[in-house]
1. I want to verify a result. In a Gaussian network model of the chain, Cα cutoff 10 Å, which of these has the top mean-square fluctuation: Ser115, Ser71, Ser127?
2. Need one number: % antiparallel among DSSP beta bridges in the chain, to the nearest 5.
3. Could you give the nm distance between label points at Asp94 and Glu70, where each point is 7 Å from its Cα heading toward the beta carbon?
4. Output ³J(HN,Hα) for the range 52-68: one whole-Hz value per residue in order, computed from phi by the Karplus curve 6.51 cos²θ - 1.76 cosθ + 1.60 with θ = phi - 60°, and x for Gly and Pro.
5. Could you pull out the trypsin sites (Lys or Arg not before Pro) across the range 8-95 that fall in loop regions by DSSP (anything but H, G, I, E, B) with no more than 13 other Cβ atoms inside 10 Å?
6. Run the paramagnetic zone check for Leu5: 7 angstrom along Cα to Cβ, then residues of the range 21-47 with backbone nitrogen under 12 Å.
7. Largest first, what is the accessible-area ranking of Tyr79, Tyr98 with a 1.4 Å probe?
8. Which chymotrypsin sites (Phe, Trp or Tyr not before Pro) from the range 20-53 combine a DSSP loop assignment with at most 14 other Cβ atoms within 10 Å?
Amino acid sequence: MDKQLEEKLAKKGVYFTHLVKELVTTLVKANKPLSVDDVLIIFSKKKFFPYKTSLYRQLSRLAKLDIVEESVFSGIKHYCFVFEEDHHHHFECDECGYVEKISAKNCDDFVSKISRKIKKKGHKTTSHSFVLKGLCSKCA
Ligand SMILES: [Zn+2]
Ligand SMILES: [Zn+2]
Ligand SMILES: [Zn+2]
């Protein structure tokens, strides 16, 4: 795992166990959101078999530190590494449930327009997530 990244994450309060290192490395590599089962399959190929509950615990800790983003696809929680990554949205296939990260650096204008409308009602926005739905290249 990248030393610089490890130091930055440690400063944010991440305590690096073997599991956390493997988890962060796996999420950084994936260019799509991963469920806990996806992560376990990747780990098992490396002959690493942590408890599912420890995985959930670490993922929710990383989510609280804004290092990992949690979103639900096909009724299952999925996780993306978001720390210092370019902002992204998601594309989801209606047919097979395939999900991909779509880089979305320039969505600020659009978002601030909507945020202003929400603010007028007295609400406050802190983050957003967009899912673009359709058919993936295999299903289309
Ligand atoms: Zn994501
Ligand atoms: Zn599909
Ligand atoms: Zn956005």
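1. Ser127
2. On the way: 13 of 17 bridges.
Of the beta bridges lying entirely in the chain, close to 75 percent run antiparallel.
3. My value for the distance between the label points is 2.9 nm.
4. Karplus values, whole Hz, x for Gly and Pro: 4, 5, 5, 5, 4, 4, 5, 5, 6, 5, 5, 5, 5, 8, 6, 9, 10.
5. Details: sites: Lys8, Lys11, Lys12, Lys21, Lys29, Lys45, Lys46, Lys47, Lys52, Arg57, Arg61, Lys64, Lys77; in loops: Lys12, Lys46, Lys47.
Within the range 8-95, the qualifying trypsin sites (Lys or Arg not before Pro) (loop, at most 13 other Cβ atoms within 10 Å) are Lys12, Lys46, Lys47.
6. Zone members listed by number: 21-31.
7. If we order Tyr79, Tyr98 from most to least accessible, we get Tyr98, Tyr79.
8. Numbers: sites: Phe43, Phe48, Tyr51; in loops: Phe48, Tyr51.
Passing both the DSSP loop test and the Cβ count: Phe48, Tyr51.
The values are calculated or read from the model by the stated rules, or taken from the named source; none is laboratory data. These numbers come from a predicted model, not from an experiment. Cβ coordinates were reconstructed from backbone atoms using ideal geometry, including for glycine residues, and neighbour counts include every protein chain displayed. Accessible surface is based on the protein model in full, side chains and every heavy atom, while ligands, DNA and RNA are left aside. Shrake-Rupley method; radii C 1.70, N 1.55, O 1.52, S 1.80 Å.
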